Every structure is written in structure tokens, then in C-alpha cells.
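Working notes, structure below.
Computed from the coordinates by the stated procedures, all read-outs in this text should not be read as laboratory data. Since the structure is predicted, the reported quantities are computational estimates derived from the model, not experimental observations. A quick note on method: Cβ atoms are made from the backbone with ideal geometry, for glycine too, and the neighbour counts reach across all protein chains shown.
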Amino acid sequence: MALIQCQFYSEVLNLSTSMTVILPQQTTTQIGMENNRGREKLQTLYLLHGLSDDDTIWTRRTSIERYVAPLGLAVVMPQVHHSFYTDMKYGNKYWTFLTEEIPSIARSFFPLSDAREDNFVAGLSMGGYGALKWALNYPEQFCAAASLSGVTDIVKRIKTSSPEDGLFPLIFGTEDISGTKNDLFFLIKSVSKLKEKPLIYQACGTEDFLYEDNIRFKELCEKVNYKITVNFGPGEHEWGYWDTTIQDVLEWLPLKKSN
């Protein structure tokens, strides 16, 4: 595998930023690693970080590089700060950066496929929200999306946040975001009507503070007949859980075998 710390300039953000990228490499003599690279244009997983982290966190807290090595899968991990993957009311346009600029720039730098069946998105916590939001707003772009301990009910989180926490007003302003592209409950009902929609994997630990929100999201999916794969079991909001669960996600992804 090749691990690339990629610094580049963003026209959308008007600043220099970064993404961490894992690319498959075909090797035969590397001890303790099975590496496969069998496609000219690579299947790609966009892997999103949580609120307190950055684009390097998945490689620092998990063995994601080792997990994807035999799969021939590229992984793109962008940096979005405290944006909740949103064009901020008072801040930068991280939604536009994520959904328009990152794929375009990454594909210009690296041999990544733009075919729907070759593209997947996943994330944890804030990144779980971002992954579902991206896939449900652009179902034509992604074959599958996975949320690990995701913030599935952002409307509730905003309404129950303390006045001392000024983060959400900076991101979303003071308007009610119910029924908008930022509301996963609204999006799942809309996308459920489509013939072609992304597969969804939802995981959350039963001891996680976001567990009840995730249960409500699952129940809504069932109500609107949106079939999802659910993994609820013992676990907290921590990296031991995510390191284990991302391996389950990789097994679940509908990957094409490398030639």
C-alpha cells in the first residue's frame, strides 16, 4: 500500500488543506502483508472523520491501511474541521468542498473510478452523519454508505444543545433545518422512493450516547421500507469499537474482486 499525506490548495475554501490517501500496491515480497492492485481505475472509499479529529485519524487509531491492502481499494480521507460536512452559515463551504471538489481533485491526482458501483462512503460520529448525508443527497454517486456511531438525528442534537455551545449556530444558523438536505430523517424518506438507492450499513454501540438516535433512524428506515444492514451490540463511543466495526464494513461493501 501507498500512504500519501496530500497537501493541496482548495479553490472552494480559499486555503491550503489536506487529505490522507491510501492507494493499493501490488507486492509479492512484503512480509506480513497481502497487497492487491488489479484494476486500472480504483474502487474508492471516502472515509470521514469525527468532530474532534482530522484526516489523519483513521490511520493513527486503526489499522485501516492493513485492512484494505488485500482488497485493491483506495481510501480518501478529507479534512473538514468542525463543519459537520456542511456549507457553514458562518464559516467555510465544507459541503461543496466535500461533494464537488474532493472527488474532482482526488481523481485528478490518482487513478480513481468515477463509476457509481465503485464508490462508497463511510464515517464515524460526525463523519457518520456526513457519510449518510452525502450518499442520500447524491444517491446516483454511491453504491453504499456506512455510519459508525453516527449523528443520525442532527435536528434533535441542535434543539437539545446547550446555549453555551455555539457550534451549531455557526454551522447551521438559527433556522430550523427539518425537511432540508441536512436532515437525515427527511432524506431517508425521500430516497426510499427511488428505484436505485445506496445500500446502508448502520452500526452503533448500545452504551453509546447516540444509541437512541440510531434506533430511531433504524425504525424510520423500516417504516419507509428502506432496507439497511444494522449492527447494534455492546460498545461505546471509542476507537476500539470503530477499529473493529470498520472491518465489518469492509466485509459488507459490495466490492468487485481485483483481477
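Per-residue ellipticity at 222 nm, computed for the chain from helices alone with -39500 (n - 2.57) per DSSP H run of at least four residues, works out to -8500 deg cm²/dmol. When only alpha carbons are used to place a centre, the range 1-73 and the range 223-239 end up 25 Å from one another.
Of the trypsin sites (Lys or Arg not before Pro) found in the range 1-59, those that fall in a DSSP loop while having at most 14 other beta-carbon atoms within 10 Å are Lys41. Restricting to the chain, compute how many DSSP beta bridges are antiparallel as a %, nearest 5. For the chain, the DSSP antiparallel bridge percentage is about 35.
Quote the relative contact order of the chain in percent (integer), defining contacts as alpha-carbon pairs under 8 Å separated by 6+ residues.
On the way: 519 pairs, mean separation 46.2, N = 259.
Worked out over the chain, it gives 18 percent.
So for each of 116-129, 205-218, 45-58 I average, over its residues, the number of other beta carbons within 10 Å; can you give me the resulting order with the highest mean first?
Numbers: 116-129: 24.9, 205-218: 17.7, 45-58: 22.1.
Descending packing order for the listed peptides: 116-129, 45-58, 205-218.
Tell me, Met77, Met33, Met1, Met88 in order of fewest to most beta-carbon neighbours within 10 Å? Mind showing how you got there, number by number?
On the way: Met77 26, Met33 13, Met1 22, Met88 17.
Starting with the residue having the fewest Cβ neighbours, the order is Met33, Met88, Met1, Met77.
For Lys223, the lysines whose Cα comes closer than 22 Å to its Cα, not counting residues fewer than 8 places off in the same chain, are Lys133, Lys156, Lys181, Lys189, Lys193, Lys195, Lys197. The label-point distance for Lys159 and Ser63, in a model that sets each label 7 Å from Cα toward Cβ, rounds to 4.4 nm.
Less than 13 Å Cβ to Cβ from Glu236, Lys/Arg counted +1 and Asp/Glu -1: what total charge do the surrounding residues give?
Details: positive: none; negative: Glu207, Asp208, Glu238, Asp243.
The answer is -4.
Under 8 Å for C-alpha pairs, at least 6 residues apart: give me the relative contact order for the range 1-148, rounded to a whole percent.
Working: 301 pairs, mean separation 35.6, N = 148.
Taking the mean separation of contacting Cα pairs over the length of the range 1-148, I get 24 percent.
Here Glu236, Glu40 are placed in order of increasing Cβ neighbour count within 10 Å, fewest first, which gives Glu40, Glu236.
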